[in-house]
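Take a look at the structure below.
Taken together, the values in this text are just the output of simple stated rules run on the coordinates, not laboratory data. The model shown is predicted, which means the values in this text are computed figures rather than measured ones. Because the Cβ atoms are built from the backbone with ideal geometry, glycine has one as well, and the counts that use them run over all protein chains shown.
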Amino acid sequence: MAHPSPLVSVVVPVLDEATVLPRLVEAVEEAAAPTGCRLELVLVNDGSTDGSGSVMDFLARENPHRRVVHLSRNFGHQAAIQAGLRVASGDAVVVMDADLQDDPAGLADMIARWREGYQVVYAIRVGRKEGLVKRALFHLFYRLLSSVSSTPIPCDAGNFGLLDRRVVTILDGLPEVRRYLPGLRAWTGFRQVGIPVERGERYDGRPRVSWLGLARLAQEAVFSFSAVPLTIFYAIAGIAILAFLSLAGFTLYHKLFTGLAIPGWTSIITTACFFGGLNALGIGILGEYVLRIWDQVRARPAWVVDRTVNVPENAWRRPGDG
Ligand code: UDP
Ligand code: MG
C-alpha cells in the first residue's frame, strides 16, 4: 500500500446544526487521532437554512480532508447518508449524526474492532436520553422489526456504525432508492459485531427528524424487509372462510331442521362472509405478484460473496458478457 495507515471516512448528515458543527468536527478529529488512522470527514448539508452551509464551507477551507456536499434541498436523513457514502473514499466509513447523540468516542472502539477483522461494527444504543414515550416506541419498533423481518436485523442499532470499504461498495451499488440503512447493512452479511455505545442527549434538544419522519422510517424498514403485512390477508381470508362455513352450517341447520331461521338472514350472512373471504384471498394472491415485482425492481442481489477457493475470476462472467 502506498499509505502506511488506513483512511477512515466519517459521514455526517447535517440539517440545521450550525452551532454544533465546529464542536463536532473537533470531537471527531480528537477521537480519531489516537487510532493512528488518517481521517476524512464528509459533511452532507441536507438543505440547511440556518447557516450550516457556510460553516461547513469554512471548515472545509481550513482542512482539505474535510469534504462537503451541499444537496440542493432537504432530501431527508437517509438520502443524505447515501450521498455521503457515495463520496467517501475511506477504507472504512463511519456514519454518525451531527448532534453529538452518537458519541464520537465510540469511533476508536469501532476502528479497533474493524482492525480485528469485522467488516461492520454497529453501535448498540444504551442509555437513550430521550423521553419515556419515544424510548418505549423505539424499543417496541426494534422488536417488531426483528420479529417480522426476513433479514435478521439487530435490535437497538441505528445508523451509527462503521462499514468496511467492501460493504460500502455493495451498499452504494444497490439500485434501491428508499433505504433503511441499519437493515441493508445487516443484509450485506460479512462479519458484523455490535458494541454498546452510550446514546447522548441532543445538544439542543430539538430533533430534526420529526415524529412523522420517524414513522415513515419505521414504515420503510418494515415494508422493505418484511412480507408479513401482506400475508395478513391470508389470515383474514382464512378467518372469513371459517366464519362462512360455520355460519352456513348453523343457519342451514335451523332452516332445514328447527325452522327457527329468520327469513333472508342465512343468505345475507353467508354471502357477506364468502365474498369478504374471497376479497382478502384475492388481495393476498395479488400481493404475491407485487412482492415478486418489488423484489425484481429493487434488485438486491440474491447473494453476496465473501471469499472463494479455486474459483477463477472469470468464472463469474456470464455467457454474453463482454
Ligand atoms: N438530518 C438530515 N436531514 C433531515 C433530518 C435530519 O440530514 O431531514 C440529520 C441531522 O442534522 C442529524 C441527523 O440527521 O445530524 C439525525 O437527526 P436527528 O438528531 O433529528 O435524529 P434522531 O437523533 O432523532 O434520530
Ligand atoms: Mg439525534
Regarding segment 189-245, what are the three Cα extents along the principal axes, ordered largest first, in Å?
-> 60, 34, 17
D (µm²/s, integer) via Stokes-Einstein for the chain, Kirkwood Rh across alpha-carbon pairs, 10 °C, 1.306 mPa s: value 69 µm²/s
Which order do peptides 118-131, 264-277, 305-318 fall in by mean Cβ count within 10 Å, highest first?
-> 118-131, 264-277, 305-318
About the Cα centre of segment 194-249, what is the dipole size in debye to 20, counting +1 per Lys and Arg Cβ and -1 per Asp and Glu Cβ, all else neutral?
-> 140 debye
Expressed in nm², what is the orientationally averaged projection area of the convex hull enclosing the Cα positions of segment 86-178?
-> 7.3 nm²
Could you work out the helix-only [θ] at 222 nm for the chain, with each DSSP H run of four or more residues adding -39,500 (n - 2.57) and the total divided by the number of residues, to the nearest 500 deg cm²/dmol?
-> -15500 deg cm²/dmol
The chain, relative contact order [Cα under 8 Å, separation at least 6], % | 16 percent
Reciprocal of mean inverse Cα separation for segment 28-147 (Kirkwood radius, Å) = 16.4 Å
Glu176 paired with Lys129, simple spin-label distance in nm, labels 7 Å along Cα-to-beta-carbon | 3.1 nm
Hey, how many Å between the Cα centroid of segment 1-41 and the Cα centroid of segment 117-188?
-> 21 Å
Plugging the Cβ-Cβ distance of Leu291 and Trp265 into 1/(1 + (r/R0)^6) at R0 = 35 Å yields, to the nearest 0.05, a FRET efficiency of 0.35
How do Cys37, Cys155 line up, fewest other C-beta atoms within 10 Å first?
-> Cys155, Cys37
Please label the shape of segment 78-125 as rounded, prolate or oblate, based on the square roots a ≥ b ≥ c of the eigenvalues of the alpha-carbon gyration tensor (a/c under 1.5 means rounded; beyond that, a/b larger than b/c means prolate, else oblate).
-> oblate
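Restricting to the chain, compute how many DSSP beta bridges are antiparallel as a %, nearest 5.
Values: 9 of 33 bridges.
About 25 percent, rounded to the nearest 5.
Over all distinct Cα pairs, what is the inverse of the mean 1/r for segment 221-306, reported as the Kirkwood hydrodynamic radius in Å?
Working: mean 1/r = 0.0643 Å⁻¹.
Result for segment 221-306, one decimal place: 15.5 Å.
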Obtain the nm distance between the two label points defined at Val87 and Ala27 by a simple spin-label model: each point lies 7 Å from its Cα along the Cα-to-C-beta direction.
-> 2.3 nm
Using 0.36 nm per residue of separation minus the Cα-Cα distance, give me the extension gain between Tyr203 and Ala272 in nm, one decimal.
-> 19.1 nm
For the chain, list the DSSP H helices whose alpha carbon atoms reach 30 Å or more along the long axis and whose average Kyte-Doolittle value is 0.5 or above?
-> 228-253, 265-298
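Once the Cβ-Cβ distance between Phe250 and Ala60 is put in as r, and R0 is 51 Å, what FRET efficiency do you end up with, to the nearest 0.05?
Numbers: r = 76 Å, r/R0 = 1.48.
E(calc), rounded to 0.05, equals 0.10.
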In whole percent, the Cα-Cα distances of segment 32-100 spread across 5 Å bins from 0 upward as 3, 16, 26, 27, 18, 7, 2, 0
In terms of the Cα gyration tensor, with a ≥ b ≥ c the square roots of its eigenvalues, is segment 1-51 rounded because a/c is under 1.5, prolate because a/b exceeds b/c, or oblate?
-> oblate
Roughly speaking, what is the stretch gain from Leu212 to Asp321, that is 0.36 nm per residue apart minus the C-alpha to C-alpha distance, in nm to one decimal?
-> 34.7 nm
Spacing of the two label points (7 Å from each Cα toward its C-beta) at Arg73 and Ala105, in nm = 4.2 nm
